[in-house]
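Only the coordinates and a few stated rules stand behind these numbers; no lab work does. Computed from a predicted model, the values in this text were never measured in an experiment. All Cβ positions, even for glycine, are placed from backbone atoms using ideal geometry, and neighbour counts span all protein chains on display.
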Amino acid sequence: MQMQTITLRAAPSARRPALPPPPPPASSSNLSAGRCFLLPSPNSHRRRSRSLKVSASLEQEVKERADSPSPSAGKSSQATRRDVRNIAIVAHVDHGKTTLVDSMLRQSKVFRENQVVQERIMDSNDLERERGITILSKNTSITYKGTKINIIDTPGHSDFGGEVERVLNMVEGILLVVDSVEGPMPQTRFVLKKALEFGHAVVVVVNKVDRPIARPEFVVNSTFELFIELNATDEQCDFQTVYAIGLKGKAGMSADDLADDLGPLFEAILRCIPEPRIEKDGALQLLVSNTEYDEHKGRIAIGRLHAGELQRGMEVKVCTPDDACRIGKIGELFVFQNFGRVPVESVSAGDICAICGINDIMIGETIADKVNGTALPTIKIEEPTVRMSFSINTSPFVGREGKFVTSRNLRDRLYRELERNLAMKVEDGETADTFLVSGRGTLHLTILIENMRREGYEFMIGPPKVINKTVNGKLLEPYEIAAVEVPEEYMGSVVELLGKRRGQMLDMEASGPEGTSLLKYKVPTRGLIGLRNAVLTASRGRAILNTIFDSYGPWAGDLSSRDQGSLVAFEGGSTTSYACVNAQERGVLFVKPGQDVYKGQIVGIHQRPGDLALNVCKKKAATNVRSNKETTVVLDEPLSYSLDDCIEYIQEDELVEVTPASIRMCKNPKISKKGKN
């Protein structure tokens, strides 16, 4: 095998052979990455120059390892499956991952010619379609020239990074999709870092090259610099670049010469993504990386078969990382084919499959051989950084709209979420009806809240708080990298805003010919809560804010996230036009006439610091005096806040009441009583 590698090294257009990897088993499946023969690219001279500098030392090291005995000699033989490729498509949000998958499915004849197919077919969740983002990673597959390509579509938001982390051990390579104008963004860095840690092969896809201000050469060079910053190996830096228009289904090896289909992209996948290395005759091993639920089949476990052969109806051993094992039986077995799951009798190592019949299976557990099976290393996910409190609804309107209102209902639903969402944690709070839920960010938790609300749950949530650490007696808090694209005329306001949030400027550069600038700041996570709306207001809706977790650092000190107080109703009832006219002189209202409110509910934003209690249910006094004409009442349009806006708005002494039909904000009665005492 090593003599073949040396022969490949002599080929003038070949990527240098990958050296035998270090001990971690996660990267052992990528020894064949040296198979990728790079096609010429107009921007490849920078990568080639760095490669030549170390070629002599690499060649010497290859010879030394060829002369030394192989450490794996005498152990179970490994083979490769030439008929399968496993890839994950990763990118920053809105760089075109899901649209590219749509075109790949269409050109692979997955759908009938007369079949009506909606856009972003992989975003099947209602919330995904409403928000236009991918939240859950999903599996599909296509067949190209007799080779099955398993594809995993992943989320682009940093809050859902846990979805990306747990699927990377199912693949041998990734398609890194980068926008032809924006280039590498914060989430691009995160997903690429994780892929390089696994030792995966990378194919860079520069998408949307038909944009008028596209700058593909700059994007490729920026991506190469990102590889260098992340300490990528020389082989990983010699990545293949493919240029594409995902929406039109076109790709090519040059931005100026695209084919009429995605053929060049498919060829790059077969050429550069290594075949899965398997132990065909080894003991059965499958690491569960994802789970789904079906009303008829129950829980479905999804994972890649690393060794052995899995058969329908066979008995297996389910192993956990702490060596606790139990016996289970495979009820049904599926593989992913085109846009669905197809039942099969057996699955060979190297393929991704779905398993039914083990109802208590959990993500991170190993399905192994009943006699000789051992557990694989469990999936490691980065720790959450933001925490929120969930409690039962205690407002006067409790039970009006919700179906599940008790603490038992709330507890069961939250702990059931942990079965699939590995990046989330749930702890019991100070009281029996309060729970502390931790996640990667406010969006991560907001999606959970919205799903529970649509399922009929009614509860209250507190303001988001960061999770601090104490190391060597020093208080540390999480910091994030914030990248803001803003027009130059609004840059001063945005810089001032970030300065108030204890942000430290890292870089400032021009971003394209449209007169926009890209600001990079290191900001405490506390300062990012409520920042998005403030940045949009300061830039009149033209700024784009992206964030990614960086590291823990020293406590930055106190900071203020809101300058204005709240308008609070001190009497319950139905709002009236007469009262709203007087109330709107004090600030901006959330309510309109005829709406039911209760004592302590937040009905608007005060125009000055500090809260103001007022009566929005006051009625006009009835007298015997008649007027010829009633006074015309002119009311401003009430401010409509979404769930995300409410979570960013509330402060320490405030709560958000969430029901299936309404979202209200109120003062926390427990904190108010403590303040009076």
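Before moving on, here are some points about what is shown:
- Remark: the Thr320-Ile671 segment gains 122.1 nm on full extension, using 0.36 nm per residue and subtracting the alpha carbon distance.
- Reduced Cα scattering model of the range 229-369, Debye log10 I(q)/I(0), q = 0.13, 0.15 Å⁻¹: -0.73, -0.85
- Rounded to whole Å, the principal axis extents of the Cα atoms in the range 424-476 read 45, 26, 17, largest first.
- When Rg and the Kirkwood Rh are both derived from Cα coordinates, the Rg/Rh ratio for the range 552-608 amounts to 1.22.
- Ranked by how many other beta carbons lie within 10 Å on average, peptides 302-313, 641-652, 486-497 from highest: 302-313, 641-652, 486-497
- Using equal-weight Cα scatterers in the Debye expression, the normalised intensity of the range 176-276 in log10 at q = 0.10, 0.12, 0.19, 0.20 Å⁻¹ is -0.25, -0.37, -0.92, -1.01.
- Applying the criteria of a DSSP loop state and at most 12 other Cβ atoms within 10 Å to the trypsin sites (Lys or Arg not before Pro) of the range 477-509 yields no site.
- Taking the square roots of five times each eigenvalue of the Cα gyration tensor of the range 408-452, the equivalent ellipsoid has semi-axes of 17, 11, 10 Å, listed largest first.
- Rounded FRET efficiency, nearest 0.05, which uses the C-beta distance separating Asp360 from Glu229 and R0 of 56 Å: 0.85
- Pairwise FRET efficiency - Phe218 versus Thr147, Cβ, R0 = 35 Å, nearest 0.05: 0.55
- Kirkwood hydrodynamic radius over Cα pairs of the range 380-465, then Stokes diffusion coefficient at 20 °C and 1.002 mPa s, in µm²/s: 164 µm²/s
- Additional length obtainable on full extension of the chain from Lys520 to Asp294, 0.36 nm per residue less Cα span: 77.0 nm
- By the Stokes-Einstein formula, at 0.890 mPa s and 25 °C, the range 449-489 with its Kirkwood radius over alpha-carbon pairs has D equal to 165 µm²/s.
- Whole-number Å³ per residue for the convex hull built on Cα positions in the range 167-222: 78 Å³
- Cα centroid separation, the range 142-217 to the range 299-327: 29 Å.
- The coefficient of translational diffusion for the range 636-675, derived via Stokes-Einstein from the alpha carbon Kirkwood radius under 4 °C and 1.567 mPa s, stands at 115 µm²/s.
- Cα centroids of the range 265-285 and the range 394-473: 41 Å apart.
- Gained length - Asp260 relative to Asp281, 0.36 nm times residue gap less alpha-carbon distance: 3.3 nm
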